[in-house]
Amino acid sequence: MESPAAPATPLTQQFEPGTAARRPPATRHRRGILRFPAIRQLVRFTGVGILCTLTSLALYALLRPWLGSQPANAAALIVTSVMNTALNRRLTFKIAGPAKAGRDHLSGLVVIVIALVITGGSLGVLHWVNPDATLSDELWTTTLSGFLATAVRFALLRHWIFRRARHR
């Protein structure tokens, strides 16, 4: 008697010539809103963003007493942007391996400059409006302006830096 786990003839010989073997699809078929690659990427991007935002706020609060608001913002943003690019490359856009990693990080520098202009500009406006702003005021300002910088970052990562992986 044959075991169902081990058929007597190999799978390639069980089918008649000219008929194709049925295989599971190469990609998963998702239902609902997760069937759209942009939505899946946005969910993963949000997780990376939360981690990087918390890290950036902690670095800013740690460096602010010694460096001042603008240098602390720049240092925190640069450190977390490098981390963010690496994490988004691997987790959000599913790009593994060293191929084009250097180019991706160099392109990420442009995104860092844009984010610095947005968050640094917002800190400049805060101190122009309220010269005696507290650390809490600065953290709220960088967080809120960071939302705009994040939207710009996602668009640039998806459509420019990692466009080769837009549909993953």
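The values are calculated or read from the model by the stated rules, or taken from the named source; none is laboratory data. The structure presented is a predicted model; accordingly, all values stated were derived computationally and were not measured. Here the Cβ positions follow ideal geometry from the backbone for every residue, glycine too, while neighbour counts run over all protein chains shown.
Return the pair list, or none, for Cβ contacts closer than 6 Å from residues in the range 36-54 that are closer than 10 Å to residue 80 by Cβ and of a type in the set (A, V, I, L, M) to residues that are modelled with pLDDT of 90 or more and not in a helix (DSSP H, G or I), at least 6 apart or on different chains.
Cβ pairs passing all conditions: none.
Tally up the residues in the range 130-150 that are among the aliphatic types (A, V, I, L, M), farther than 16 Å from residue 76 by Cα and more than 17 Å from the chain's Cα centre (by Cα), please.
1
So residue 143 clears everything in (1) over 27 Å from residue 39 (Cα atoms); (2) surrounded by fewer than 16 Cβ atoms within 10 Å (Cβ to Cβ); (3) β-branched (Val, Ile, Thr) except one condition, right? Which one?
(1)
Quick one: which of 126, 77, 106 is within 16 Å of the chain's Cα centre (by Cα), assigned to a helix (DSSP H, G or I) and farther than 19 Å from residue 48 by Cβ?
106
If you go through the range 75-94, how many residues are among the basic types (Lys, Arg) and surrounded by fewer than 18 Cβ atoms within 10 Å (Cβ to Cβ)? Don't jump to the end; show me each part of the working.
Taking the range 75-94 as the starting set, the residues that turn out to be among the basic types (Lys, Arg) are 89-90, 94.
Okay, now just the ones that are also surrounded by fewer than 18 Cβ atoms within 10 Å (Cβ to Cβ), so 90, 94.
Going through the range 75-94 one residue at a time, the tally reaches 2.
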